[in-house]
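A short reminder: the numbers here are calculations on the coordinates, not readings from a lab. Quick caveat, the model's predicted, so the values are computed rather than measured. Note: ideal-geometry Cβ built from the backbone for every residue, glycine included; neighbour counts use all protein chains shown.
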Amino acid sequence: MTRRMRGALALHFAFTFPASAFCQPTAPIWRQSSTLQMELHRQYHDTVPLGTMVTDVSAADLNGDGADELLLSVQSLFSPTLNVRVISSLDGRLLNSIMIPQTSLVSSAFVVPGNDFDGDGINDILVGVLDMSTVYAFSSRNSSLLFSRTVVDTSTFTGSQFGSGLTSFSDVTGDGVDEIAVGAPGVNGFSGEVQIYSVATQSLVRTIAVPNSSGLGKIVKVLPDINGDSRDDLLVASYDSQVRVFSGVDGSVIYQAGFGALPGTSPDVKAIEVLGDIDSDGYADFAVAYNPVAGGIRRAGEISYLSGASGALMHTFAANSPSAEGNLYFVHVKNIGDYDLDGVDDAVLFSNAVTSRGFEGFTRVVSGRTLQMMFTETDMPLTDIPRSYHLTSIADPSGSARRSLVLSHHTLPTGGPEISYSVWSFERVWQSTSDISTATGGTIRWEFDYGTGAANNYFLLVGSETGTSGFSLL
């Protein structure tokens with residue numbers, strides 16, 4: 001295998017694939033500009049057809065083995081079929097594949113773990129297909145269809161966008177089965193709404209709407225009970241500069257809150273993530289990742305932390321490039337559990353930028369207790385143009401108390417129309433700040449150079465710290 005180095009750090013590589021369904025990809029060329037005590041000990045990949053992209057990734061235990069599985073929505077530009085895949089995070093095996101016929105060759109789809117709708121003790125699967133304005137619930141055990149609903153609205157050019165926000169939450173109808181909340185930001189002249197459905201009765205329970213809102217339901221998340229009725233509440237984003245929390249029981253507004261968008265701008269919300277109890281008031285808090293937009297131009301992104309109990313703004317992280325080049329655009333924030341084992345959940349902030357080195361991704365891990373960066377920014381130059389990013393976390397496959405971070409992107413290679421997809425998982429990327437500090441301000445730089453044979457593959461790398469310099473792929 002070809003290898004490149006900077007300084008005296010040697011990189012050692014070996015590959016093992018436990019199942020015949022997986023084959024070795026064209027070897028990437030790695031170079032690293034600083035010492036990082038880290039070992040990459042698993043790699044899996046699967047070749048997919050030309051023009052294939054992954055539109056979403058999430059994770060949960062979907063087969064009852066106690067380990068999280070990766071849940072992917074895979075779309076081909078040349079086939080009107082959406083493929084929902086369940087992949088083991090332990091050995092990379094394809095555990096399940098659900099095919100959904102579509103009416104559009106280019107579609108946006110979201111996949112999220114659902115609660116247990118069929119009573120078999122295993123989380124089920126929710127899929128939202130925006131171009132079809134349809135939401136599905138499938139059994140994780142046998143792939144049977146448990147629920148489907150289509151909501152079409154032709155009053156706006158965007159359509160209903162039914163399924164843009166999608167989650168399941170605690171039973172409020174008394175039928176013993178948890179409910180589904182679906183965002184439809186394009187309905188009612190783009191005012192938007194959230195629709196609550198009973199899986200047990202296949203019926204609409206209620207509709208949540210707000211007069212004069214803009215795109216209500218773009219993102220829908222569960223916020224653990226904050227109004228004392230022992231039921232989950234709903235955290236909802238829209239296209240205006242507000243987030244709103246609604247009662248899961250009756251749909252009433254508990255509060256609405258702004259999240260720091262600059263005056264004269266409208267925010268392009270990228271993600272909302274429920275965190276741990278950051279302010280120690282007994283309630284889970286949350287973060288909003290967004291880009292202020294003015295005159296059609298996106299400004300550098302921000303991530304705001306808000307109180308789950310009241311919506312009060314606690315802190316805002318601005319996107320400042322470590323190299324002072326270009327603007328960073330936050331695209332995701334993810335709860336990674338108690339990373340530093342201090343009793344409070346921590347988070348990863350991920351952003352990308354265009355610099356003199358090309359397209360780069362930057363990752364920061366933030367302490368939930370102190371709201372300080374626990375380790376310095378890392379950046380990952382990308383030789384191809386990034387089209388989208390997705391972020392999730394999984395229970396550590398090696399069994400440690402820390403979760404692993406899974407980052408995916410697919411790109412449009414400059415040399416042709418192929419679309420490739422890759423996933424990196426970094427289990428524990430630091431031991432202490434001094435171990436990874438560099439003379440250039442603590443930036444750790446990775447460069448991934450793929451040969452043409454790597455196009456249309458996706459990769460899973462799971463990393464852990466080690467006592468030796470460098471890392472190995474085993």
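Laid out as a table, the results:
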quantity: Check on G114, small (G, A, S), touching a His at 6+ places or on another chain (Cβ under 9 Å) and surrounded by 17 or more Cβ atoms within 10 Å (Cβ to Cβ); calculated: no
quantity: Pick from region 61-89, criterion over 21 Å from S164 (Cα atoms) and among the polar types (S, T, N, Q), ranking: surrounded by the most Cβ atoms within 10 Å (Cβ to Cβ); calculated: S89
quantity: Within region 180-231, tally of residues that are of a type outside the set (G, A, S), surrounded by 21 or more Cβ atoms within 10 Å (Cβ to Cβ) and without any contact (Cβ under 8 Å) to a residue 40 or more places away in the chain; calculated: 3
quantity: All positions within region 117-135 that are buried (at least 23 other Cβ atoms within 10 Å of the Cβ) and over 20 Å from F190 (Cβ atoms); calculated: F117, D124, I125, L126, V127
quantity: Condition broken by T201, with the remaining ones in (1) under 28 Å from F317 (Cα atoms); (2) not in a strand (DSSP E or B) satisfied; calculated: (1)
quantity: Candidate set: region 274-294, residues that are in contact with a Lys or Arg (Cβ under 7 Å, 6 or more places away or on another chain) and surrounded by 23 or more Cβ atoms within 10 Å (Cβ to Cβ); chosen: the one nearest to V333 (Cα to Cα); calculated: A289
quantity: Residue within region 89-100 that is more than 22 Å from S393 (Cα to Cα) and either polar (S, T, N, Q) or out of contact with any strand residue (DSSP E or B) (no Cβ under 9 Å at 6 or more places or on another chain) (or both) present; calculated: no
quantity: Strands (runs of 3 or more DSSP E) wholly inside region 80-198 containing at least 1 residues that are among the hydroxyl-bearing types (S, T, Y) and in contact with a helix residue (DSSP H, G or I) (Cβ under 8 Å, 6 or more places away or on another chain); calculated: 145-150
